Amino acid sequence: MSLDRVVVAQLGCGYWGPNLLRNFSALPNCEVKYVVDASAERRAFVHSNFPMTTAVESSDVVFEDPDVVGVVIATPAATHFDLARRALECGKHILVEKPLATTVAEVDTLARCADQRGLVVMAGHTFIYNPAVRYVKRLIDAGELGEVRYVYSQRLNLGRIRSDIDAMWNFAPHDISIIQYWLNDQEPTSVTRQGMDCIQPGVDDVVFVNLAYPNKVIANVHVSWLDPQKVRKMTVVGSRKMVVYDDVADDKIAIYDKGIDRKAVLGEHMDFDQPMRPDFSYRSGDILLPQVKFVEPLRLEAEHFLECIRTGKEPATGITHARTVVSILERADAHHARVAS
């Protein structure tokens with residue numbers, strides 16, 4: 001498919017929507033024809049700040065306009081599936097903010113709908129387009145860290161508290177998406193969840209998700225909107241080196257030449273023949289702070305969506321990736337329900 005100018009529309013312009021609108025509006029050869037929002041205040045915001053875009057109350061005009069080829073959905077998570085399915089049924093490519101849907105069954109329905117019509121489905125897992133996250137991916141793929149042993153993440157803040165979804169569904173899609181990207185979308189062999197609803201009954205404010213993968217790799221995701229510090233940090237421990245990705249630090253990436261190696265015991269076969277008397281070598285080398293050129297991830301995401309519409313290529317955060325993220329969240333909820341019952 002070749003389009004000189006891609007016409008898109010956006011559904012929702014609340015908390016995150018203005019960032020999407022700003023980036024799509026700034027792209028050459030892209031026109032944001034409509035923004036749909038039920039709030040008169042938000043429509044007035046669009047009118048004042050993006051005068052080339054028409055703000056409307058109903059999404060019907062978007063779905064019925066043949067000029068609109070792509071729809072960006074930035075509405076509450078519970079509405080994603082119905083809006084995404086309707087857009088696909090009307091022949092529109094879609095970019096849906098995370099999560100793509102709230103169940104694997106819904107994701108599979110969207111996949112079938114898109115496949116039947118040859119349409120692009122892309123999830124807004126923005127961090128996959130972050131240059132620092134991609135830098136870590138290159139380190140892992142090149143074997144610089146050795147074998148990945150475990151990953152852990154912290155996404156913490158005091159607020160922004162919500163009532164429609166809990167802290168896991170609000171924050172964890174980011175970290176789970178990054179971990180899946182780094183580990184090539186492997187399906188975890190085990191998913192467990194522990195959380196607590198401290199403020200609102202039934203809405204967990206703090207959640208720990210534990211993941212186990214093949215080849216003895218484990219991961220832990222800690223999310224909370226009830227924490228004294230703003231933390232956006234992920235650590236990957238490898239057999240050769242370790243790396244810390246800190247999204248709020250000036251130096252986003254720190255590579256540690258550290259580790260522990262087991263020494264071979266001098267014996268008949270030069271092997272580990274005395275398991276009761278292990279000997280270890282501790283390595284503590286340099287810390288490397290590489291310079292990573294920053295480009296706004298959301299701009300790269302928007303450019304990628306347009307590229308996929310024009311070429312028909314599979315998005316980096318397409319159905320396959322989005323499905324694994326939703327699957328892990330759904331399995332975490334299922335574990336939580338079993339423990340609570």
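The values are calculated or read from the model by the stated rules, or taken from the named source; none is laboratory data. For clarity, every value in this text was computed on a predicted model and none was experimentally measured. A quick note on method: Cβ atoms are made from the backbone with ideal geometry, for glycine too, and the neighbour counts reach across all protein chains shown. The area values use the complete protein model at the heavy-atom level, side chains included, leaving out ligands, DNA and RNA. Shrake-Rupley method; radii C 1.70, N 1.55, O 1.52, S 1.80 Å.
For the range 76-119, which residues satisfy the criterion of being charged (D, E, K, R) and either out of contact with any Gly (no Cβ under 7 Å at 6 or more places or on another chain) or under 16 Å from residue 10 (Cβ atoms) (or both)? Correct list: 82, 85, 86, 89, 92, 97, 98, 106, 108, 112, 115.
Take residue 9 and tell me if it is assigned to a strand (DSSP E or B), closer than 20 Å to residue 308 by Cα and modelled with pLDDT of 95 or more. Step through it out loud before you land on a result.
Values: assigned to a strand (DSSP E or B): yes; closer than 20 Å to residue 308 by Cα: yes; modelled with pLDDT of 95 or more: yes.
For residue 9, the condition - assigned to a strand (DSSP E or B), closer than 20 Å to residue 308 by Cα and modelled with pLDDT of 95 or more - is met.
Looking only at the range 32-40, decide whether some residue is among the small types (Gly, Ala, Ser), open to solvent by 10 Å² or more (accessible area, probe 1.4 Å) and in a helix (DSSP H, G or I). Checked against the condition, which is being among the small types (Gly, Ala, Ser), open to solvent by 10 Å² or more (accessible area, probe 1.4 Å) and in a helix (DSSP H, G or I), the range 32-40 yields at least one hit.
On the stretch given as the range 321-335, residues that are over 13 Å from the mean Cα position of the chain (by Cα) and open to solvent by 60 Å² or more (accessible area, probe 1.4 Å) total 2.
Total residues in the range 134-187 satisfying the condition of being in contact with a Pro (Cβ under 9 Å, 6 or more places away or on another chain), acidic (Asp, Glu) and over 22 Å from residue 198 (Cα atoms): the figure is 1. Within the range 307-318, if we keep just the residues that are closer than 17 Å to residue 126 by Cβ and part of a helix (DSSP H, G or I), the residue that is most open to solvent (accessible area, probe 1.4 Å) turns out to be 307. Residues in the range 237-247 that are more than 17 Å from the chain's Cα centre (by Cα) and either surrounded by 17 or more Cβ atoms within 10 Å (Cβ to Cβ) or more than 12 Å from residue 144 (Cα to Cα) (or both): 237, 238, 241, 242, 243, 244.
The residues of the range 50-65 that are touching a residue at least 12 places away in the same chain (Cβ under 8 Å), open to solvent by 20 Å² or more (accessible area, probe 1.4 Å) and either assigned to a helix (DSSP H, G or I) or touching a helix residue (DSSP H, G or I) at 6+ places or on another chain (Cβ under 8 Å) (or both), listed by number, are 50, 52, 55, 56, 57, 59, 61, 64.
Checked against (1) of a type in the set (Lys, Arg); (2) assigned to a strand (DSSP E or B); (3) under 30 Å from residue 161 (Cβ atoms), residue 22 meets all criteria but (2).
Open to solvent by 30 Å² or more (accessible area, probe 1.4 Å), within 29 Å of residue 225 (Cβ to Cβ) and either among the β-branched types (Val, Ile, Thr) or touching a Leu at 6+ places or on another chain (Cβ under 7 Å) (or both): is that true of residue 161 in this structure?
Yes, satisfied.
Can you find even one residue in the range 88-98 that is under 16 Å from the mean Cα position of the chain (by Cα), open to solvent by 10 Å² or more (accessible area, probe 1.4 Å), closer than 21 Å to residue 181 by Cα and of a type outside the set (Phe, Trp, Tyr)? Among the residues of the range 88-98, at least one is under 16 Å from the mean Cα position of the chain (by Cα), open to solvent by 10 Å² or more (accessible area, probe 1.4 Å), closer than 21 Å to residue 181 by Cα and of a type outside the set (Phe, Trp, Tyr), which makes the answer yes.
Checked against the criteria, residue 178 counts as aliphatic (A, V, I, L, M) and open to solvent by less than 20 Å² (accessible area, probe 1.4 Å).
Test residue 68 against the stated conditions and say whether it is closer than 17 Å to residue 120 by Cβ and crowded, with 18+ Cβ neighbours inside 10 Å. Please lay out each step first, then the result.
Details: closer than 17 Å to residue 120 by Cβ: yes; crowded, with 18+ Cβ neighbours inside 10 Å: yes.
Yes.
Against the numbered list (1) in contact with a Phe, Trp or Tyr (Cβ under 6 Å, 6 or more places away or on another chain); (2) more than 18 Å from residue 23 (Cα to Cα); (3) of a type in the set (Asp, Glu), residue 301 comes up short only at (2).
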